[in-house]
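In what follows, a structure is listed as structure tokens, so that the remarks can point back to it.
Read the figures in this text as sums done on the coordinates, not as results from a lab. Since this is a predicted model, take the numbers as computed values, not measurements. Cβ sites come from the backbone with ideal geometry, for glycine too, and all protein chains shown count toward neighbours.
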Amino acid sequence: MLNSRPDEFFTGKETMDLEALFPGRRALFFPTISSTNDLARELASQGAAEGTLVVADEQTAGRGRLGRRWLAPAGTGILLSILYRPAWTASEAFRLTMACSLGTAEAVKAITGLEARVKWPNDILVNGKKVGGILAELGWEGERLSYAVVGLGLNVNWDVTTCPEIARAATSLSIEAKKPIDRQGLLKAIVEAVDRRYALCLSGKSEELRGDWERRLDTLNKIVTIETEAGRVQGQALGVDAEGALLVRDAQGQVQRITVGDVVVSSGL
């Protein structure tokens, strides 16, 4: 069994360590918290600055997309949320999920050597299994964003075989790399990579971001089944548009534009 605490990330001096890792940035650490996203949203409503970072060693009410529970034993993962305040419309908001998932995948490669892919819209995969997920939650002022909180849960040094309910579809970085991973180094790399990708959005290079994200997608050129509010869509995943929507050619040859849905990949082509 893998050592659940192979690093000294959480030693009682975490807030000081986070401030040293991210100078000039408000960075809060909690050994245990209900949800990093919930606290970040609360801080947003209180006027917290863009870039505020919330990190936890354990969540008691962590969640993923569609209200699913996010499992993350203490001492084994990276759990973080970042507050953003771009003056974007609803059609632009998905750029944050692109930036955060792409930055995370790039950081995983840099620190572990593992090739990370993205399953549309927000799962991080290594060797076809899920190692992490992104959850964006938005606040609005009229038709523009007031704030956005993007959360990341990443399985780093967790032996997922101890949790049979998810072991078939999930893995961890340490399992795939066959060695413990330095969580502090990975955390720093993730935040810095995500910052670079977000800056690209703000500089007007969102098409470059979309193209890089599309090339990282594991979903494309495969037969997929997607459960949407309007019903089930099945067909070939062709690509994504400027807003990150998945384009799927159905059995009738029509291209369906999917903005929200649960994707099951059937096969490659």
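Brief remarks on what is shown
- Filter result (charged (D, E, K, R) and part of a loop (DSSP other than H, G, I, E, B)) within the range 157-189: Asp159, Arg168, Lys178, Lys179, Asp182
- Evaluation of Ala193 against (1) out of contact with any Leu (no Cβ under 7 Å at 6 or more places or on another chain); (2) surrounded by 20 or more Cβ atoms within 10 Å (Cβ to Cβ); (3) free of Cβ contacts under 8 Å to residues at least 40 places away in the same chain; (4) aliphatic (A, V, I, L, M) (one fails), failing number: (3)
- Count - residues of the range 196-211 that are surrounded by fewer than 16 Cβ atoms within 10 Å (Cβ to Cβ) and either touching a strand residue (DSSP E or B) at 6+ places or on another chain (Cβ under 9 Å) or touching a residue at least 40 places away in the same chain (Cβ under 8 Å) (or both): 2
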